Amino acid sequence: QEKTWIYSLINESINKHNKLSEAWDPILFKVKQQIQRKLQLLQQQQQQRQQPSTNKN
């Protein structure tokens with residue numbers, strides 16, 4: 001739950017500001033790969049929803 005809370009705070013901050021405070025740099029550096037993976041998964045999910053289903057019976 002703590003990771004979800006931290007991710008949510010980062011996400012809200014990014015969505016509200018065009019430029020992030022330098023105070024975020026150490027935090028973002030530590031979780032960079034996790035954030036990138038999460039964004040990749042979200043993009044894949046969006047692409048799957050947009051593609052027509054090929055498994056129709």
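The values are calculated or read from the model by the stated rules, or taken from the named source; none is laboratory data. Just so it is clear, the model here is predicted, and its values are computed rather than measured. Heads up, the Cβs are rebuilt from the backbone with ideal geometry, glycines too, and the neighbour counts pull from every protein chain shown.
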Task: Positions within the stretch 18-29 being exposed (fewer than 10 other Cβ atoms within 10 Å of the Cβ) and not hydrophobic (A, V, I, L, M, F, W, C), in sequence order - done: N18, K19, S21, E22, P26
- [ ] Can you work out which of the residues in the stretch 5-30 that are basic (K, R) and part of a helix (DSSP H, G or I) is modelled with the lowest pLDDT?
- [x] K16
- [ ] Among what's in the stretch 31-55 and is closer than 15 Å to I6 by Cα and either touching a helix residue (DSSP H, G or I) at 6+ places or on another chain (Cβ under 9 Å) or surrounded by fewer than 10 Cβ atoms within 10 Å (Cβ to Cβ) (or both), pick the residue that is modelled with the lowest pLDDT.
- [x] I35
